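Below is one structure, written out as structure tokens, with a few remarks after it.
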Amino acid sequence: QVQLVESGGGLVQAGGSLRLSCAASRTIFRINDMGWYRQAPGKQRELVATINNGGGTKYADSVKGRFTISRDNAKSTVYLQMNSLKPEDTAVYYCNANILGVYYWGKGTLVTVSS
């Protein structure tokens, strides 16, 4: 069984930055797509960004130009650099990984952006 553990969330002022990390509980030989999702209070979970095994990325329109997703395959870790944060970015952020066709989720890390 694989667990994904997120870290790096916290409280930041609008305009600030945070870097989220998500590491697998053990080194995985091959992870396909990895991604970040978020869920704000009272809203559905939504895609933030994904990155495939070749490094190709996709972003939600709301975060393009502000967030950057990256991965370190040797460490089975995915990152999300968040810049120019806005109050509407406040949410619980979850990482996701496709390992041999099975999608795993982390438990989430809270990001709060104050105005």
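The values are calculated or read from the model by the stated rules, or taken from the named source; none is laboratory data. Please read all numbers here as calculations on a predicted model, not as lab measurements. Glycine also receives a Cβ, built like all others from the backbone with ideal geometry; neighbour counts cover every protein chain displayed. Just the protein is used for accessible areas: all its heavy atoms, side chains included, with ligands, DNA and RNA removed. Shrake-Rupley method; radii C 1.70, N 1.55, O 1.52, S 1.80 Å.
May I ask you to list the residues in the stretch 1-17 that are among the hydrophobic types (A, V, I, L, M, F, W, C), more than 15 Å from the chain's Cα centre (by Cα) and open to solvent by 30 Å² or more (accessible area, probe 1.4 Å)?
If the condition is that a residue be among the hydrophobic types (A, V, I, L, M, F, W, C), more than 15 Å from the chain's Cα centre (by Cα) and open to solvent by 30 Å² or more (accessible area, probe 1.4 Å), then Leu11, Ala14 are the ones that fit.
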Inset, instruction - Please work out which one of (1) closer than 17 Å to Gly108 by Cβ; (2) in contact (Cβ under 8 Å) with a residue 60 or more places away in the chain; (3) polar (S, T, N, Q) is the condition Asn83 fails and give its number. - result: (1)
Inset, instruction - Kindly indicate the residue of the stretch 96-113 that is polar (S, T, N, Q) and open to solvent by less than 40 Å² (accessible area, probe 1.4 Å) and also farthest from the chain's Cα centre (by Cα) among those meeting that condition. - result: Asn98
Inset, instruction - Go through the residues of the stretch 105-114 one by one and say whether even a single one is under 18 Å from Ala24 (Cα atoms) and either part of a loop (DSSP other than H, G, I, E, B) or modelled with pLDDT under 95 (or both). - result: yes
Legend entry - Hits in the stretch 71-95 (condition: of a type in the set (Val, Ile, Thr) and either exposed (fewer than 15 other Cβ atoms within 10 Å of the Cβ) or closer than 18 Å to Val12 by Cβ (or both)): Thr90, Val92
Legend entry - Residues (in contact with an Asp or Glu (Cβ under 7 Å, 6 or more places away or on another chain) and among the hydroxyl-bearing types (Ser, Thr, Tyr)) located in the stretch 22-75: Tyr37, Thr50
Legend entry - Subset of the stretch 18-70 (residues that are open to solvent by less than 60 Å² (accessible area, probe 1.4 Å), within 16 Å of Gly106 (Cβ to Cβ) and free of Cβ contacts under 8 Å to residues at least 60 places away in the same chain): Ser21, Ala23, Tyr37, Val48, Ala49, Thr50, Ile51, Ile69
Inset, instruction - Could you grab the pairs with beta carbons closer than 9 Å, sequence gap of 6+ or different chains, first residue in the stretch 99-111 and within 15 Å of Tyr79 (Cα to Cα), second one surrounded by fewer than 15 Cβ atoms within 10 Å (Cβ to Cβ) and acidic (Asp, Glu)? - result: none
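Criterion first (among the acidic types (Asp, Glu) and under 24 Å from Ser25 (Cα atoms)) does Asp72 satisfy it? Steps first, answer last, please.
Numbers: among the acidic types (Asp, Glu): yes; under 24 Å from Ser25 (Cα atoms): yes.
Yes; evaluated as a whole, the condition is true for this residue.
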Inset, instruction - Being part of a loop (DSSP other than H, G, I, E, B) and of a type in the set (Ser, Thr, Tyr) is the filter here, so list the residues in the stretch 54-90 that pass it. - result: Ser62, Ser76, Ser84, Thr90
